1. About the Cα centre of the chain, how large is the charge dipole given +1 on each Lys and Arg Cβ and -1 on each Asp and Glu Cβ? Please answer in debye to the nearest 20.
2. What nm value, rounded to one decimal, do you get for the distance between Arg173 and Thr264 when each label is placed 7 Å out toward the C-beta?
3. In sequence order, what are the phi-derived ³J(HN,Hα) couplings for the range 262-270 according to the Karplus relation 6.51 cos²θ - 1.76 cosθ + 1.60 with θ = phi - 60°, rounded to whole Hz, with x for glycine and proline?
4. So what's the convex hull volume per residue for the Cα atoms of the chain, in Å³?
5. Restricting to Cα pairs below 8 Å that are 6+ residues apart, what does the relative contact order work out to for the range 185-383? Please round to a whole percent.
6. Each label point is 7 Å from the Cα along the Cα-to-Cβ direction; what then is the distance between the points at Glu271 and Lys336, in nm?
7. Tell me the angle of helix 297-308 to the major Cα principal axis of the chain, expressed in degrees between 0 and 90 and rounded to the nearest ten.
8. In µm²/s, what is D for the range 81-166 at 4 °C and 1.567 mPa s, where D = kT/(6 pi eta Rh) by Stokes-Einstein and Rh is the Kirkwood radius from Cα pairs?
Amino acid sequence: MTFRTLDTADLAGKRALVRVDFNVPVDGGKITDDTRLRSALPTIAYLSKQGAKVVLLAHFDRPKGKVVPEMSLAFVAEPLSKLLQQPVAFASDCVGPAAAQVVNGLENGGVALLENVRFHAGEEKNDPEFAKALAANGDIYVNDAFSAAHRAHASTEGLAKLLPAYPGLAMQRELEALDAALGKPKKPVIGIVGGSKVSTKLDLLRNLVTKLDYLAIGGGMANTFLYAAKIDVGASLCETDMAETARQIIDLAGSAGCKILLPTDVVVAQEVKPGVASNVRNVYDVQPDDRILDAGPETVATLNATIDQCETLIWNGPLGVFEVPPFDKATVSTAKHVSERAKSGKLVAVAGGGDTVAALNHASVAADMTFVSTAGGAFLEWMEGKTLPGVAALEA
Ligand code: ADP
Ligand code: MG
């Protein structure tokens with residue numbers, strides 16, 4: 001895919017409608033994590049510096065097409081203004097006279113935030129009339145919300161058809177990183193997929209085996225693969241009804257030339273409790289009351305040695321119950337190894353997924369990875385090989 005880039009846009013005096021993701025976590029009216037605001041800053045600052053009038057569009061929560069005062073975006077204007085170190089005007093509607101008045105009042109370089117786009121039913125329906133009403137406040141469209149790009153909504157997709165469309169700087173960086181990991185990766189490329197269940201990651205596994213040279217399977221879902229290979233997993237989490245599907249994925253991998261790595265040893269315990277007594281066992285020695293809660297040291301050593309033969313790595317899903325030490329060990333030591341390789345420039349390492357990001361932060365290595373996606377659903381759909389409507393609409 002090819003995109004226009006913002007550095008080629010004529011911006012001075014232009015109204016840039018910028019879709020951002022300001023769906024921030026909130027507790028008692030206060031933002032508990034402003035990562036999403038911060039990730040939009042480079043694009044906003046760039047546009048402002050180039051003399052554009054920056055008009056921000058965003059959704060917050062799920063008002064389902066109605067005005068829900070508790071879901072107003074007004075509370076974001078002040079923290080955003082502090083981060084940007086410039087005033088942020090707020091309009092009480094994202095379309096119509098209230099929006100036009102605020103936008104028309106902007107000086108070149110000024111910034112305005114418009115009210116929650118999901119207060120209008122036309123947003124999630126991708127209603128062309130609503131998209132037109134949004135477009136009335138812009139000369140160009142910039143999408144900097146990769147995390148909302150799996151939705152074909154008016155502000156994420158419809159608008160891109162009405163105005164010259166550009167990815168924002170964060171979106172551009174994310175697309176480039178994802179392309180380097182799965183689109184046109186340097187080979188060999190290895191994937192690590194973990195997490196609890198096979199059933200939630202079927203499409204992802206099916207897509208990955210056609211693209212990767214190695215796929216390491218860990219976490220609870222590895223139990224299902226072991227079970228499918230007639231290995232007794234005792235009292236572990238295991239989706240017995242997925243055994244046939246697991247075998248199909250193994251077959252698919254075989255015909256696509258993707259080598260699957262399954263755990264050869266595991267860490268077991270009788271319960272999931274911090275500091276509980278645990279044992280390392282060969283996968284063939286798991287006892288009836290054992291619960292597999294992490295990959296063992298031999299498995300990690302094999303995985304790390306395989307990583308050393310690869311140029312590219314893509315990771316979704318922790319290798320064990322990383323929230324409960326000591327079952328964080330395999331995830332943490334692999335994360336440290338991956339980040340060392342990435343830091344020394346020997347590996348392109350891209351990771352994403354809610355718990356995966358938490359696990360990398362727990363291992364204190366998120367900053368050393370090539371790229372960590374916080375996009376959640378959009379990242380997973382991209383790993384499944386799906387076309388993201390918000391990305392496709394930006395194609396030049
Ligand atoms: P992500 O959010 O990054 O996509 P998932 O939600 O798929 O990741 O998986 C994360 C969850 O998988 C964690 O809560 C972790 O505790 C769980 N998990 C990992 N290994 C096991 C295991 N052996 N048994 C049970 N749960 C596991
Ligand atoms: Mg999760």
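1. The dipole magnitude comes to about 760 debye.
2. Placing both labels 7 Å along Cα→Cβ, they lie 4.0 nm apart.
3. 10, x, 9, 9, 9, 9, 10, 8, 8
4. Measuring per residue, one finds 145 Å³ for the Cα hull of the chain.
5. Rounded, it is 21 percent for the range 185-383.
6. My value for the distance between the label points is 2.9 nm.
7. Taking Cα atoms only, the helix is inclined about 50 degrees.
8. On the way: Rh = 13.4 Å.
The calculation lands on 96 µm²/s.
Every number in this text was worked out from the coordinates using simple rules, so none of it is lab data. It should be emphasised that the depicted structure is a prediction, and the values quoted were computed from it without experimental measurement. Every residue, glycine as well, gets a Cβ built from its backbone with ideal geometry; the counts of neighbours run over all protein chains shown.
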